[in-house]
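The structure appears below as structure tokens.
The values are calculated or read from the model by the stated rules, or taken from the named source; none is laboratory data. Since the model is a prediction, treat every value here as computed from it, not as a measurement. Glycine gets a Cβ as well: all are built from the backbone with ideal geometry, and neighbour counts include every protein chain shown. Quick note on the areas: whole protein, heavy atoms, side chains included, nothing else; ligands and nucleic acids left out. Shrake-Rupley method; radii C 1.70, N 1.55, O 1.52, S 1.80 Å.
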Amino acid sequence: MPSQIDLVFVPQGAEYRSVCKGLKAAGVNSTTVVPIPVGPQGVTQFLQQWLQKSLGTTSPNALLMGLGGSLTHQLSVGDVTTCQTCIDGTQAMDVPMTCDPQIFLSLSQRFSGTVIPVTGVSCDRIINTTAEKRQLAQTHQADVVDMEGFALLSGLKSTQIALGIVRVISDDIHHDLPDLNGAISPEGHLQTFPLAMGMLRQPLPALRLIRGSLKGLKQLEKVTTEIFKP
């Protein structure tokens, strides 16, 4: 019997909206969806406050859901991945944290498509060039890059919350992205004007990012529905 998921963490904005749409399509209203900031610093600050207010005596099973970047030729835009381990890409030494093995195993039972097991690496900035992605993959032997996984695992390790991580690939290893790091505030919020300017400065990579994100968000909605449908 697949593990029940009581709680979903998802980056605020479009990813959050896609997950909420997926839950609605599944007819689920009992799962708590928590929008989180973008990036490790924002997640760490958020968790300190959220845990004080929200953590009761229960031991919920949780998922971190959202988009991620491919670090390998084997992963393409739209692929659904689930992390076995996650590495802190901001540190020179690899000290991986392990996602909950029961949640990891149950995800393949819930989704009718292929769920690809991966090693994730979390960075404190958007990795936007293919050269950086290849270097990151080589350094950490990782398959997927995100910005929140390790911080969330680390922040929850002293609690009774068991965490799994699902990432849908929204950009591949073959093409550069626009540099949008200036659009993320220290608190982990996307700022509209710097985001738009970053897109305008690099129109072709921006168009590719938009296409990949739209495909990834559609798949994120679909996989959410399948994971949570009765």
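Structure above, values below:
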| read-out | value |
| --- | --- |
| Net charge contributed by nearby residues that have their C-beta within less than 10 Å of S70 (K/R +1, D/E -1) | -2 |
| Rounded to 5, percent antiparallel among DSSP beta bridges of the chain | 20 |
| Positive-pole candidate from M93, S70, L153, dipole of the stretch 62-164, charges at beta carbon | S70 |
| Global form of the chain, assessed from the alpha-carbon gyration tensor, a/c cut-off 1.5 | rounded |
| Surrounding net charge for V118, when Lys and Arg each add one and Asp and Glu each subtract one, Cβ distance under 10 Å | -1 |
| From phi via Karplus (6.51, -1.76, 1.60), per-residue ³J(HN,Hα) for the stretch 166-174 in Hz, x at Gly/Pro | 10, 10, 9, 5, 10, 8, 9, 8, 8 |
| Residues whose placed amide H lies under 5 Å from that of G164, excluding near-sequence neighbours | A62, L63, L64, D100 |
| Heavy-atom accessible surface of the stretch 60-131: percent carbon and sulfur, 1.4 Å | 53 |
| On Cα atoms only, tilt of 203-228 relative to the major axis of the chain in degrees | 10 |
| Cα-centre dipole for the stretch 82-230 with unit charges at Cβ (Lys and Arg positive, Asp and Glu negative), debye to 20 | 480 |
| 222 nm mean residue ellipticity, helices alone, for the chain (DSSP H n ≥ 4; -39,500 (n - 2.57); rounded to 500) | -13000 deg cm²/dmol |
| Dipole magnitude of the stretch 165-230 about its Cα centre (Cβ charges: Lys, Arg +1; Asp, Glu -1), debye to nearest 20 | 260 |
| Whole-Hz ³J(HN,Hα) from phi, Karplus 6.51 cos²θ - 1.76 cosθ + 1.60, for the stretch 37-48, glycine and proline x | x, 8, x, x, 5, x, 5, 4, 5, 4, 4, 4 |
| Solvent-accessible area per residue, Å², over the chain with all protein chains present [probe radius 1.4 Å] | 49 |
| Total charge dipole magnitude, the stretch 117-169, about the Cα centre, Cβ charges on Lys, Arg, Asp, Glu only, Debye to nearest 20 | 40 |
| Listed residues C83, P117, G216: farthest to the positive end of the dipole of the stretch 75-230 (Cβ charges) | G216 |
| Solvent exposure, largest accessible area first (probe 1.4 Å, DNA, RNA and ligands not counted), of M197, M93, M147 | M93, M197, M147 |
| The stretch 159-230 - percent of accessible surface contributed by carbon and sulfur, probe 1.4 Å | 62 |
| Cα shape, the stretch 133-230, gyration tensor, a/c 1.5 rule | prolate |
| Candidate residues F9, F46: accessible-area rank, largest first, probe 1.4 Å | F46, F9 |
